[in-house]
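Since the structure comes first, as structure tokens, the remarks are kept for the end.
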Amino acid sequence: MSVPKLLGLPWDGSSSFLRGPAGAPDAVRTALHGGSANYTTELGVQVDPDRWIDLGDLDFTSEEPAVAHETIRAGVDAAILDGAPILSVGGDHFVTWPIIEALRSRHDQLTILHFDAHPDLYDALDGNRWSHACPFARIMEAGLADRLVQLGIRTATPHQREQVERFGVEMHELRSWDGAVPELSGPVYVSVDVDALDPAFAPGISHFEPGGMSSRQLIDSLHQLAGMDLTLVGADVVEINVDRDVHDMTAMVGAKLVRELLGLMLS
Ligand code: MN
Ligand code: MN
């Protein structure tokens, strides 16, 4: 197996409401290596730093989303040349679009498991097709994923419900979710917008949407993947807003997710 790679994405130029996710890579690394927690996952996998490679952060030299898109696509493309799974940390949810573009060039089949309060399926938000509210519309209209499974959703608008129909998205609204992750197979990508969690568990986010998942529900969902016949080819942890965090609680949620996701990649 190739060694997983972690990539920091300090980009929040596509955020519609507040900046802040650009600070997440530093905050999550500090939480991860801060000494308050160990490097063993709940499922018993060692994710000590010598078992994966930290590529550092990509350098965003422009506020222009089209430039950021190319920076991320090219950066991920280089990172996965050897077939390594890629775990990105930080950024607003815009980043998932170019990541998936890079991954799709290597995988004929690709399923995305997307945790979020929001479907992020707007064709455009306030006229902006590059918004962090639109990445999954861009992904699906370009045919970059065969399946998109969404969990944690509690903000679907009529327009976004139309998009769900248009793209055949498997959107599971949190109000009626039974706790089961649908059976997934083949190459799988996991995208975690931490606002899938209730703000009580993750206050360092830009868009408070009460009534969310518990940290336990999210971690249990990731653990369900360990029992499926799939390959985790990549994952992201996005939308941690360090300017809104309280006692680095959300950075530590990010670190926990990084550990569990690395554990899935390594087992
Ligand atoms: Mn999102
Ligand atoms: Mn969200």
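The values are calculated or read from the model by the stated rules, or taken from the named source; none is laboratory data. Keep in mind that this is a model prediction, so the values were computed, not measured. Please note: Cβ atoms are built from the backbone with ideal geometry, for glycine as well, and neighbour counts cover all protein chains shown. Protein only, heavy atoms only, side chains kept; ligands, DNA and RNA dropped before computing areas. Shrake-Rupley method; radii C 1.70, N 1.55, O 1.52, S 1.80 Å.
Points worth noting:
- Residues with amide H under 5 Å from that of GLY204, placed H, sequence gap 5 or more: VAL246, THR250
- Rounded D (µm²/s) - the chain, Kirkwood Rh over Cα pairs, Stokes-Einstein at 10 °C, 1.306 mPa s: 88 µm²/s
- Computed over segment 5-266: relative contact order in percent, which uses C-alpha pairs under 8 Å that are six or more apart: 25 percent
- In this entry, segment 162-254 is assigned a mean projected area of 6.8 nm², taken as a quarter of its C-alpha convex hull surface.
- Figure note: GLU209, GLU63 ranked by solvent-accessible area, largest first, 1.4 Å probe, ligands and nucleic acids not counted: GLU63, GLU209.
- Amide H partners (placed H, <5 Å) of SER191, local residues excluded: LEU113, HIS114, PHE115, ASP236
- Of the residues THR96, LEU225, GLY8, the one whose Cα sits farthest toward the positive end of the charge dipole of the chain, with +1 on the Cβ of Lys and Arg and -1 on the Cβ of Asp and Glu, is LEU225.
- When only the Cβ of Lys, Arg, Asp and Glu is charged (+1, +1, -1, -1), the dipole of segment 5-266 relative to its Cα centre reaches about 240 debye.
- Phi to ³J(HN,Hα) by Karplus 6.51 cos²θ - 1.76 cosθ + 1.60 over segment 6-19, Hz, x for Gly, Pro: 9, 10, x, 10, x, 10, 9, x, 10, 6, 8, 10, 9, 7
- Accessible surface of segment 5-266 [probe 1.4 Å, protein heavy atoms]: carbon and sulfur percent: 49 percent
- Each helix, a run of at least 4 DSSP H residues, gives -39500 (n - 2.57); summed and divided by the residues of the chain, these come to -9000 deg cm²/dmol at 222 nm.
- The label point for ALA78 and the one for GLU173, both projected 7 Å from the Cα toward the Cβ, are 4.5 nm apart.
- If the segment from ASP108 to ALA37 were pulled out straight at 0.36 nm per residue, it would be longer than the present Cα-Cα gap by 21.7 nm.
- Full extension of the chain segment joining SER214 with THR61 gains 51.4 nm, where the gain is 0.36 nm per residue of separation less the Cα-Cα distance.
- Using Cβ point charges alone (K and R +1, D and E -1), the dipole size of segment 149-252 about the Cα centre works out to roughly 140 debye.
- Accessible area of ARG147 in the full protein assembly, 1.4 Å probe (Å², nearest 10): 70 Å²
- Per-pair calculated FRET efficiency, R0 = 41 Å: HIS223 and LEU18 via Cβ, rounded to 0.05: 0.85
- What the phi angles of segment 262-267 give under the Karplus curve with 6.51, -1.76 and 1.60, with θ = phi - 60°, is a coupling list of 4, x, 5, 5, 8, 10 Hz, glycine and proline written as x.
- Relative packing of 111-117, 68-74, 156-162, 214-220, which averages over residues the other C-beta atoms within 10 Å, highest first: 111-117, 68-74, 214-220, 156-162
- Dipole-positive endmost among ALA145, PHE115, ALA180 within segment 5-266 (Cβ charges, Cα centre): ALA180
- Backbone phi angles across segment 54-64, fed through the Karplus curve with coefficients 6.51, -1.76 and 1.60 (θ = phi - 60°), yield HN-Hα couplings of 8, 7, x, 9, 6, 9, 9, 9, 9, 8, 7 Hz in residue order; Gly and Pro are listed as x.
- With DNA, RNA and ligands ignored, accessible area of GLU101 (1.4 Å probe; Å², nearest 10): 60 Å²
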